[in-house]
Number of protein chains: 2
Amino acid sequence: MVIGEQDDFVKTDEQLVSHHSEKTKKNLITRLNRIEGQIRGIKGLIEKDTYCDDVITQISATQAALNSVAKILLEGHMKSCVVERIQQGDMDVLDEVLTTFQKLMKK
Amino acid sequence: MVIGEQDDFVKTDEQLVSHHSEKTKKNLITRLNRIEGQIRGIKGLIEKDTYCDDVITQISATQAALNSVAKILLEGHMKSCVVERIQQGDMDVLDEVLTTFQKLMKK
């Protein structure tokens, strides 16, 4: 991993900050804009009394899209923030990440 | 189940339509509006370089909210459309519902 090309992470006294590359941020924002459009689309389907099964299919596609965003964030998080904190001897990050995994697994 | 109070279902020659009660539709639209706001919130967090773990937590909350919408739709679908089609002897609905379950389980 070349610092500056990948996402990196800055830890200040009080605050944890994520510094995604501009490319990653743009990718995430584009995906979230598309998801916002999908949500508006689902509202339209409900208003038009579209058959439930077709609406559920659209919801399932939106959930998959949201999962992709979570995967990208998680990858950046693991490969930068988490690695960096472990290298600094901050093992608290492990419990934090495990809690996050559980949240993503629970839904 | 009292017809008219619950969601009901109309099957025309060519088209399957879902007739949710106005109350259910309003509930679903309110939830989807909130989810749209959550998606916009997540975009804001990414733009402000919020710590990845906090962003993932927000995504997880949004996924749970979207799951609730899917559950409401699925309940209405099972208790009206699916029951009605089975009562009409249309057993194709079973494979259709199983495919939908799989989609919701796969993400």
Built amide H within the under 5 Å cut-off of A:Val17, gap 5+ = A:Val10, A:Thr12
Cβ neighbours within 10 Å from other chains - mean over A:56-69 | 6
Packing rank of B:74-87, A:80-93, B:56-69, where each peptide gets the mean count of other beta carbons within 10 Å, highest leading | B:56-69, B:74-87, A:80-93
Along Cα-to-Cβ, 7 Å out, sits the label point; list in nm, shortest first, how far the one on B:Phe101 is from those in the other copies.
-> 2.9
Over what distance in Å are the Cα centres of region A:47-107 and region B:66-107 separated?
-> 26
Any lysines with Cα under 16 Å of the A:Lys103 Cα? List them, leaving off those in the same chain fewer than 8 positions away.
-> A:Lys71, B:Lys107
Only Lys, Arg (+1) and Asp, Glu (-1) charged, at Cβ; region A:38-91 dipole about Cα centre in debye = 140
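Since every read-out is calculated from the coordinates, none of them should be taken as a lab result. Owing to the predicted nature of the structure, the values given are computational and were not obtained by experimental measurement. Every residue, glycine among them, receives a Cβ derived from its backbone with ideal geometry; neighbour counts consider all protein chains shown.
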